[in-house]
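Scroll down for the structure; my scribbles are underneath it.
The values are calculated or read from the model by the stated rules, or taken from the named source; none is laboratory data. Since the structure is predicted, the reported quantities are computational estimates derived from the model, not experimental observations. Note that each Cβ is placed from the backbone with ideal geometry, even for glycine, and that neighbours are counted across all protein chains shown. Ligands, DNA and RNA are excluded from the accessible area calculation, which covers all protein heavy atoms including side chains. Shrake-Rupley method; radii C 1.70, N 1.55, O 1.52, S 1.80 Å.
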Amino acid sequence: MLSMFQGAHEGSWFLLVLFFLVSYFLPKQKITLMLQRLFAVIMIVSGVGMLVSYGFPLEFIFKGVLAVIVIGVMEMLVGKKKRNEPQAMLWVACIILLVVIILTGYGLIF
Ligand code: HEM
């Protein structure tokens with residue numbers, strides 16, 4: 001079970017970021033936003049699955065909370081781009097959160 005969650009997680013995080021960037025820069029097409037949401041669900045389910053398997057280590061609880069926040073920020077960025085609303089602060093938050101999440105995931109910080 002754990003290796004299934006790990007495999008899903010390791011194989012999906014880059015696709016989530018990729019579909020988010022395509023949804024942001026090519027907002028007229030809708031398919032990548034659906035794929036972005038699908039991979040967000042895969043990241044959360046596989047993440048929680050690993051969290052349970054590892055017995056809820058604090059650094060991964062913290063990483064999970066940041067991950068849910070960045071998934072929300074990605075959604076907001078795509079929406080604000082469509083409505084032509086300011087996005088600079090959200091981009092700063094998105095990049096910092098993603099860097100912290102990925103470094104925590106690989107055990108390079110915390
Ligand atoms: C935006 C969403 C997320 C991204 C970009 C992300 C990214 C990553 C990355 C890059 C790794 C390292 C993978 C590897 O070892 O090859 C990882 C591992 C991990 N992630 Fe996430 N993650 C996300 C969401 C979550 C969530 C929501 C949780 C928990 C609720 C979570 C829990 C974990 C755990 C426990 C590991 C350790 C896996 C291991 O060492 O076996 N992740 N994550």
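The mean accessible area for residues of segment 1-92, using a 1.4 Å probe and ignoring ligands and nucleic acids, is 60 Å² per residue.
For residue 82, a cut-off of 26 angstrom between C-alpha atoms picks up these lysines, skipping any fewer than 8 places away in its own chain: 28, 30.
For residue 63, a cut-off of 20 angstrom between C-alpha atoms picks up these aspartates and glutamates, skipping any fewer than 8 places away in its own chain: 10, 75.
Extension gain, residue 26 to residue 103, is 24.9 nm, computed as 0.36 nm per intervening residue step minus the present C-alpha separation. Taking every DSSP helix (H) stretch of at least 4 residues in the chain, weighting each as -39,500 (n - 2.57) and dividing the sum by the residue count yields a mean residue ellipticity at 222 nm of -28500 deg cm²/dmol.
To the nearest 10 degrees, how steeply does helix 2-25 sit against the main Cα axis of the chain, on a 0 to 90 scale? The angle comes out near 10 degrees. Neighbours of residue 68, meaning other residues whose beta-carbon lies under 15 angstrom from its beta-carbon, give a summed charge of +1 when Lys and Arg score +1 and Asp and Glu score -1. Between residue 75 and residue 56, the modelled labels are 2.4 nm apart [label points 7 Å from Cα along Cα→Cβ].
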